[in-house]
Amino acid sequence: MPIPLAVPGYSCSCDPGDAAAAPPHDARAMTKKTDFDQEEWDLIAEGPATAGMIVIRAEGGGTFRETIALAHAYGDARKQHGQSELLDEIVSSKPEFDRHRYRTDADLKGEGMARIGQAVSVLREKATPQEVSDYGSFVLTLARAVAEAHTEHGQKISPAEQAALDGIRERIGNSA
């Protein structure tokens, strides 16, 4: 499912110096880690692992298998090296997740979902629309892989996990 893109604004100036100005961000080839301050980068880098942890804690069972699935999603993304410099930077190290940030599963779900939305908002400001889409796809693919890693109550994805996936998808899509 493609992530809705923000419509870029249009401005015009008669100042001849504007012709030498840097092109709008969307015209850049790729966004890099250095395009973000440390706080922004931490938010972006933690997004995929946070989404995975929200799904893991949604049902409470299969934690070991689901954690392995999260790590495998990073490994699979590393195999696609070069398709997105931004994603390459995110998956070049182990998944980042501050387990002390959230005191309860409810905190993880509420604050974690908000942080995922904030990460996508930062990306919309500084990355290309394709990179925003790629990031959202990676987060959702990872979260779905985690959900499918362990059968819960005879279902591949439990209702609680599906609700978590739907919430993550909504945060990614509504972060304009």
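The values are calculated or read from the model by the stated rules, or taken from the named source; none is laboratory data. Keep in mind it's a predicted model, so treat the numbers as computed, not measured. Cβ sites come from the backbone with ideal geometry, for glycine too, and all protein chains shown count toward neighbours.
Of all residues in the stretch 68-115, those satisfying the criterion of being of a type outside the set (Gly, Ala, Ser), out of contact with any Lys or Arg (no Cβ under 9 Å at 6 or more places or on another chain) and within 22 Å of Arg171 (Cα to Cα) are Leu70, Leu87, Pro95, Glu96, Phe97, Asp98, Arg99, Arg103, Thr104. Taking the conditions (1) closer than 14 Å to Gly167 by Cα; (2) modelled with pLDDT under 95; (3) surrounded by 21 or more Cβ atoms within 10 Å (Cβ to Cβ) in turn, Phe138 satisfies each one other than (1). Could you tell me whether Gly75 is under 24 Å from Thr31 (Cα atoms), free of Cβ contacts under 8 Å to residues at least 40 places away in the same chain and not hydroxyl-bearing (Ser, Thr, Tyr)? For Gly75, the condition - under 24 Å from Thr31 (Cα atoms), free of Cβ contacts under 8 Å to residues at least 40 places away in the same chain and not hydroxyl-bearing (Ser, Thr, Tyr) - is met.
Considering only the stretch 32-46, state which residues are assigned to a helix (DSSP H, G or I) and either under 10 Å from Phe97 (Cβ atoms) or without any contact (Cβ under 8 Å) to a residue 12 or more places away in the chain (or both). Talk me through it step by step, then tell me what you get.
Our first condition is that a residue be assigned to a helix (DSSP H, G or I); within the stretch 32-46, this holds for 33-35, 38-46.
Correct list: Thr34, Gln38, Glu39, Trp41, Ala45, Glu46.
Only one of the listed residues (Asp88, Asp134) is in contact with a His (Cβ under 9 Å, 6 or more places away or on another chain) and within 19 Å of Phe36 (Cα to Cα). That residue is Asp88.
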